[in-house]
Amino acid sequence: PEKYDYIDKEVMYAGAAFEHWGHFLTEITNRLYWFIENREKYPNIKLAFIQYINPNFDFKNTYQEFLEMLGITKDDYIFVTKPTKFKTVVVPEYSSMLGTKYKKEFIKIFNKIKKQVTPTNYKKIYFSRQKIYNEHNIIGEKAFEKIFKKNGFRIVYPEKLSFKEQVSLIQGADY
């Protein structure tokens, strides 16, 4: 475009800010390894997210706990909402391709988070989808909960837990 903003900063392209936890975990985390590994080399570099789909989506509150566990604060990223040029743009290689391959860099992100969390003592957990939607019932979910509970599983609702609490449960569980 002939008209664009210019920001005199070095940025690392971090991807589109999806309003979906699964997309965040599989697509946004793909390049974070580079940012973490190169912070000392590029102390002023920022993550640049494209504001995607819903401009009212509260990315900071939704994903901030995850990013903070990686040492990434709110001051470390910006959102691009219109055509913008930067002093420098770094586009790291993907560390995974959904459903096909991944590299050790992809796992490093999750291992870094895992090391910061104490596992719970619950060995059997069931992540229920029963409370995801306020006005919609997940067909059969109540029956599944009943079966799992009868078999010694702790029923949990991930949307009611912090990210750290979810990691703690997963780390402690055998099933």
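If the condition is being in contact with a Lys or Arg (Cβ under 9 Å, 6 or more places away or on another chain) and loosely packed, with under 14 Cβ neighbours inside 10 Å, then the stretch 139-156 contributes 151, 152.
For every residue, the table says whether it meets (1) within 20 Å of residue 166 (Cβ to Cβ); (2) at pLDDT 90 or above; (3) open to solvent by less than 10 Å² (accessible area, probe 1.4 Å); (4) in contact with an Asp or Glu (Cβ under 9 Å, 6 or more places away or on another chain).
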position	(1), (2), (3), (4)
31	no, yes, no, yes
41	no, yes, no, no
47	no, yes, yes, yes
50	no, no, no, no
63	yes, no, yes, no
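Looking across the stretch 85-116, the residues that are over 16 Å from the mean Cα position of the chain (by Cα) and aliphatic (A, V, I, L, M) come down to 89, 90, 91.
Among the residues of the stretch 8-20, the ones that are open to solvent by less than 60 Å² (accessible area, probe 1.4 Å) and part of a strand (DSSP E or B) come to 7 in all. Across the stretch 121-175, the number of residues qualifying as among the hydroxyl-bearing types (Ser, Thr, Tyr) and closer than 18 Å to residue 69 by Cα comes to 2. Checking each residue in the stretch 66-117 for being open to solvent by 80 Å² or more (accessible area, probe 1.4 Å) and in contact with a helix residue (DSSP H, G or I) (Cβ under 7 Å, 6 or more places away or on another chain) picks out 74, 94, 98, 108, 114, 116.
The values are calculated or read from the model by the stated rules, or taken from the named source; none is laboratory data. This is a predicted model, so every value here is computed, not measured. Cβ atoms come from the backbone with ideal geometry, glycine included; neighbour counts cover every protein chain shown. Accessible surface is based on the protein model in full, side chains and every heavy atom, while ligands, DNA and RNA are left aside. Shrake-Rupley method; radii C 1.70, N 1.55, O 1.52, S 1.80 Å.
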